[in-house]
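The values are calculated or read from the model by the stated rules, or taken from the named source; none is laboratory data. Bear in mind that the values here come from a model prediction, so they are computed numbers and not experimental data. Cβ placement follows ideal geometry from the backbone for every residue including glycine, while neighbour counts extend to all protein chains displayed. When the accessible area is computed, the model is the full protein with side chains, heavy atoms only, and any ligands, DNA or RNA have been set aside. Shrake-Rupley method; radii C 1.70, N 1.55, O 1.52, S 1.80 Å.
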Number of protein chains: 2
Amino acid sequence: MTMGWHTVMEFSPSLIGCIISNRNRSFEMIRNSKECVINVPTRDMARKVVGIGNCSGSEVDKFKRFKLTAIPASKVHAPLIQECYANFECKIFDTELVDRYNFFVFEVVKAHVAVSPKYPQTLHYRGDGVFMLSGRSIKLPSEV
Amino acid sequence: MTMGWHTVMEFSPSLIGCIISNRNRSFEMIRNSKECVINVPTRDMARKVVGIGNCSGSEVDKFKRFKLTAIPASKVHAPLIQECYANFECKIFDTELVDRYNFFVFEVVKAHVAVSPKYPQTLHYRGDGVFMLSGRSIKLPSEV
């Protein structure tokens, strides 16, 4: 599935909070297996990202339809998507807010990231079919 | 305070989840008042954003030091920052995960946003003093 609402929650343990709607097939899959992989796509994959968000895994094999390569993860059973810039192997850490908000807290148990580019052009969903592309990065000194 | 970890959680009611460390003065202020304003700064305010994150309101008047203009909100007692692109007046909606993760769920009870530009250059914290600037926006059709 395509996921757009998420936040880092802690450095150590490495926690990520995500909204995963219970209308997605992923919702029950993750609740049952207690694990998942979060894959970070880049601009060149934008059309696939939209396509993946507009069909259901209960009807189509998304890896096949979108020509994605599944490679084994090392700490969870779900596969990584090879074409993505980064992959986070996750285990459920807290389900307290799942019933109320479909909000899952995951612990990243293993992270994979491409060695270059340092800052890839990532996609950030604004809603209504609009994505913000990441722009350049700036470093700012911490002194006031 | 400067805040970097947050996510939309729901359209209606309009919910935003945020990590607000209990080492910030804002933590107790928000817990007591049960409200706050989230202000969205733009690139021209980058140095102020860093400065605000590196001092405490228990020692300095940040509005004064950073030459910010406080204007009254309409539904909460905390002020808006006039220089920011958008301001969200918020009330605490759920504190279930505050003790465990410093994670607050807020309801946006009133939103203010500048009429132009449509997509301002916003700042997105990468960590270690590095910010990603928002790049251009692209619209993608939803059909596969």
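Looking only at region B:81-91, filter to residues that are open to solvent by less than 40 Å² (accessible area, probe 1.4 Å) and not in a loop (DSSP other than H, G, I, E, B); which one of those is nearest to the other protein chains (Cβ to nearest Cβ)? Outline the logic, then answer.
First, pick out the residues of region B:81-91 that are open to solvent by less than 40 Å² (accessible area, probe 1.4 Å): B:81, B:84-87, B:89-90.
Still in the running and not in a loop (DSSP other than H, G, I, E, B): B:81, B:86-87, B:89-90.
Values: B:Ile81: 17, B:Ala86: 13, B:Asn87: 18, B:Glu89: 20, B:Cys90: 16 Å.
Here the residue is B:Ala86.
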Quiz item: Taking region B:53-74 only, how many residues are touching a residue at least 40 places away in the same chain (Cβ under 8 Å) and either part of a strand (DSSP E or B) or farther than 20 Å from A:Ser137 by Cβ (or both)?
Solution: 1
Quiz item: Do the conditions hold for B:Asp94, that is, is it open to solvent by 70 Å² or more (accessible area, probe 1.4 Å), modelled with pLDDT of 95 or more and among the acidic types (Asp, Glu)?
Solution: no
Quiz item: So which residues in region A:1-19 are outside any loop (DSSP other than H, G, I, E, B) and polar (S, T, N, Q)?
Solution: A:Thr7
Exercise. Name every residue in region B:48-59 that is surrounded by fewer than 17 Cβ atoms within 10 Å (Cβ to Cβ) and of a type outside the set (Gly, Ala, Ser), in order of residue number.
Key: B:Asn54, B:Cys55, B:Glu59
Quiz item: How many of the residues making up region B:20-47 are open to solvent by 90 Å² or more (accessible area, probe 1.4 Å) and not in a helix (DSSP H, G or I)?
Solution: 3
Quiz item: When you look at A:Phe63, is it surrounded by 12 or more Cβ atoms within 10 Å (Cβ to Cβ) and touching a Pro at 6+ places or on another chain (Cβ under 9 Å), yes or no?
Solution: yes
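So which residues in region B:127-139 are surrounded by fewer than 15 Cβ atoms within 10 Å (Cβ to Cβ) and within 7 Å of chain A (Cβ to nearest Cβ), if there are any at all? Full working, then the answer.
Keep residues of region B:127-139 that are surrounded by fewer than 15 Cβ atoms within 10 Å (Cβ to Cβ), which gives B:127-130, B:136-139.
Matches in region B:127-139: B:Gly129, B:Val130, B:Arg136, B:Ser137, B:Ile138, B:Lys139.
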Exercise. Go through B:Ser58, B:Ser26, B:Ser33 for me and flag whichever is under 13 Å from the mean Cα position of the chain (by Cα), of a type in the set (Gly, Ala, Ser) and more than 14 Å from chain A (Cβ to nearest Cβ).
Key: B:Ser26
Quiz item: Does any residue in region B:26-51 that is over 12 Å from B:Ala78 (Cβ atoms) come within less than 6 Å, Cβ to Cβ, of a residue that is assigned to a helix (DSSP H, G or I) six or more places away or on a different chain, and which pairs are these?
Solution: B:Pro41/B:Val49
Quiz item: A:Arg126 passes all but one of (1) within 12 Å of the chain's Cα centre (by Cα); (2) at pLDDT below 95; which number fails?
Solution: (1)
Quiz item: Applying the selection to region A:97-123, what residues are surrounded by 16 or more Cβ atoms within 10 Å (Cβ to Cβ), within 10 Å of chain B (Cβ to nearest Cβ) and touching a Leu at 6+ places or on another chain (Cβ under 8 Å)?
Solution: A:Leu97, A:Tyr101, A:Phe103, A:Val105, A:Thr122, A:Leu123
